[in-house]
Amino acid sequence: MVQNNDYDFVLMDIMIPHMDGIEATSKIRALADPNKAKTPVGAITARNPVTDQEIWFAIGVNDFVGKPFSEEKFIQVVSSYI
């Protein structure tokens, strides 16, 4: 979708089927179009951010919200990129 469209922000679930959020974010960062490749990615996850956030940031995730999350936290993260 990012390859064919312009987005201000991508909300990425880390645990999606077929291609997880880590692989999908890596593919976004590898796009030939530098503007699309730098599209901000915010992850939503139920995984433990203490043990996994280094991996997410290393592949290009800009920020994340852990489940369960408050509406306030979600808005805080998303609004900083749009």
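Here are a few things to note about the model shown:
- Residue identified as part of a strand (DSSP E or B) and hydrophobic (A, V, I, L, M, F, W, C) among Ala43, Ala58: Ala43
- Residues satisfying the criterion are absent from segment 29-36 (criterion: in contact with a Lys or Arg (Cβ under 9 Å, 6 or more places away or on another chain) and under 22 Å from Ser70 (Cβ atoms)).
- Some residue of segment 61-81 being on the phi < 0 side of the Ramachandran plot, aromatic (Phe, Trp, Tyr), in a helix (DSSP H, G or I) and more than 12 Å from the chain's Cα centre (by Cα): yes
- Of the residues making up segment 1-18, those that are in contact with a helix residue (DSSP H, G or I) (Cβ under 8 Å, 6 or more places away or on another chain) and surrounded by 10 or more Cβ atoms within 10 Å (Cβ to Cβ) number 10.
- Summed over segment 2-35, the residues that are without any contact (Cβ under 8 Å) to a residue 40 or more places away in the chain and closer than 17 Å to Ile82 by Cβ give a count of 7.
- Residues in segment 36-63 that are of a type outside the set (A, V, I, L, M), under 13 Å from Val10 (Cα atoms) and touching a residue at least 24 places away in the same chain (Cβ under 8 Å): Lys36, Thr39, Pro40, Gly42, Gly60.
- Qualifying residue in segment 30-53 (condition: at pLDDT below 95, of a type in the set (Lys, Arg) and surrounded by 16 or more Cβ atoms within 10 Å (Cβ to Cβ)): yes
The values are calculated or read from the model by the stated rules, or taken from the named source; none is laboratory data. Predicted model, so just to flag it, every value in this text is computed and none were measured. Because the Cβ atoms are built from the backbone with ideal geometry, glycine has one as well, and the counts that use them run over all protein chains shown.
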